[in-house]
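Contents: one structure, followed by commentary.
The values are calculated or read from the model by the stated rules, or taken from the named source; none is laboratory data. Keep in mind that what you see is a predicted model, and the values were worked out from it rather than measured. Here Cβ is always computed from backbone atoms with ideal geometry, including for glycine, and neighbour counts include all displayed protein chains. Accessible surface is based on the protein model in full, side chains and every heavy atom, while ligands, DNA and RNA are left aside. Shrake-Rupley method; radii C 1.70, N 1.55, O 1.52, S 1.80 Å.
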Amino acid sequence: MTALEPARAVRRAFWGDARFFLGILLIVASVAGVWFVVSASRQTAPVFAATRTIVPGEAIGSGDVRAVEVALGQLRDLYLSERELDAGLVATRTISAGELVPADAVGDAAEARTTSVVVRSAVDVPASVEAGTVVEVWAAPLDEHGDFDVPRILVPDATVVSVTRDDSMLGGGAAALELVIPRADVAATLAAMADESALSVVPTAGAGS
C-alpha cells in the first residue's frame, strides 16, 4: 500500500456518553414516581362514617359515627376526622347511614338555623316517609264558621327526624312527626297549631316514593 489508511476515530466508552446518564436518570425518576403514586394510594386515614341517618340540626356525638380507615389521598381534608369531632357539632344537611361524613355537612350548634317541632298530620302519611325524608307542611286555616280554608304551603322544606304512626285513628295512617324546619318558619308553624289549622305532611316531589 502506498498510502497510510486514515486513523480510525477512537470511540468513547458508552458510560462516558451524557445521553447514557440522562437515560438512567429518566428511568430512575419514572420508577420513583410510580412508587410514590402506589405508596400514596395505599395510605389510609381514619375518618367518620354515620352509623344512622342524621338529619339537619341533630347533634353529632361519638355514638352517631364510627371511625373507618379509608384511602382518600388529597381528599382527606374534605371529611370529618377524629380530631375534629366536637360536642358542639350539629348536622347541616341529611347524612345517610354509612355515608362518610363531609366536613361541610356539620357546623356549630350555636350557629344552627334550624329547629325541630312535632306536627300531627291530618292526612295519611306514606309508609315510605322515614327519618331523612324531605317533606312539605301544608296548613288549612279554620275560619269563623268552623270550616277549613284552602290549604297553603306552610313549610316548603322540612326534614323528618322520626315518625310515630297511630293506626287506631280515624282514616288510618295518621302520624305525629318530629320535623326539622328553618327557624324562620317556626313562628308561623306554632301559630297554625295554636289556631287549630289542619296540618298535612306530604313528601316533596320525588321523595318518599
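When ranked by the protection proxy of mean other Cβ atoms within 10 Å per residue, highest first, what sequence do the peptides 108-120, 139-151 form?
Peptide ranking by packing, descending: 108-120, 139-151.
Whole-Hz ³J(HN,Hα) for each residue in the range 54-67, computed from phi via Karplus 6.51 cos²θ - 1.76 cosθ + 1.60 with θ = phi - 60°, x for glycine and proline: what do you get?
10, 9, x, x, 6, 5, 10, x, 4, x, 9, 9, 9, 7
What full-extension length gain, to one decimal in nm, is calculated for Thr44 and Arg93 as 0.36 nm per residue of separation minus the Cα-Cα distance?
15.0 nm is the gain from fully extending Thr44 to Arg93.
What's the extension gain from Glu196 to Arg113 if we count 0.36 nm per residue and subtract their Cα-Cα distance? Intermediate values should be presented prior to the final figure.
Numbers: separation 83, 0.36 × 83 = 29.88 nm, distance 2.61 nm.
That pair, Glu196 and Arg113, stretches by 27.3 nm at full extension.
Using the heavy atoms of the protein chains and a 1.4 angstrom probe, tell me the accessible area per residue for the range 70-209 in square angstrom.
Details: 7820 Å² over 140 residues.
Value for the range 70-209: 56 Å² per residue.
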